[in-house]
């Protein structure tokens with residue numbers, strides 16, 4: 001009896017997933033804008049402390065309707081994205097600028113979430129790299145060790 005109840009529950013779940021998938025595929029607009037990024041990850045590499053933290057994700061609207069970016073936000077306050085405010089026409093290229101605060105030393109991996117009217121929204125972008133600490137300053141007053149012979 002328990003097996004029958006379990007199988008029935010699994011059957012209902014599969015049926016529900018099937019209907020949900022069909023409903024989602026039926027609601028996709030074939031002329032909707034599509035945001036296509038050249039790269040969805042930017043590697044800052046190894047950079048000095050307080051280096052230039054600005055980078056840009058380039059994208060194209062490969063759909064058939066204008067693309068409107070409604071929101072971009074970083075995964076923390078140290079990652080600040082800036083997106084175009086005007087509509088991106090079909091075939092037009094634009095960029096989302098990202099500033100990472102390079103005053104934080106060490107390895108980092110952060111995300112930027114882009115929300116728009118695109119068929120593939122939201123889109124998650126990634127930045128990562130390593131910020132080196134400042135080099136120690138040599139103490140000139142100590143100089144070389146004295147010769148004790």
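The values are calculated or read from the model by the stated rules, or taken from the named source; none is laboratory data. Since the model is a prediction, treat every value here as computed from it, not as a measurement. Cβ atoms come from the backbone with ideal geometry, glycine included; neighbour counts cover every protein chain shown.
Annotations
- Count of the range 84-106 residues which are part of a loop (DSSP other than H, G, I, E, B) and closer than 20 Å to residue 64 by Cα: 8
- When residues of the range 34-43 are limited to those that are outside any strand (DSSP E or B) and touching a residue at least 40 places away in the same chain (Cβ under 8 Å), the one surrounded by the fewest Cβ atoms within 10 Å (Cβ to Cβ): 40
- Filtering the range 44-55 to residues that are surrounded by 14 or more Cβ atoms within 10 Å (Cβ to Cβ) and within 19 Å of the chain's Cα centre (by Cα) leaves 44, 53, 55.
- Only one of the listed residues (82, 109) is over 23 Å from residue 29 (Cβ atoms), loosely packed, with under 13 Cβ neighbours inside 10 Å and within 18 Å of the chain's Cα centre (by Cα). That residue is 109.
- If the condition is being free of Cβ contacts under 8 Å to residues at least 24 places away in the same chain and more than 19 Å from the chain's Cα centre (by Cα), then the range 85-106 contributes 86, 87.
- All positions within the range 59-71 that are within 17 Å of residue 85 (Cβ to Cβ) and either within 13 Å of the chain's Cα centre (by Cα) or not in a loop (DSSP other than H, G, I, E, B) (or both): 59, 61, 67, 69, 70, 71
- Among the candidates 109, 46, 8, 31, residue that is outside any loop (DSSP other than H, G, I, E, B), over 30 Å from residue 135 (Cβ atoms) and either touching a strand residue (DSSP E or B) at 6+ places or on another chain (Cβ under 6 Å) or at pLDDT below 95 (or both): 8
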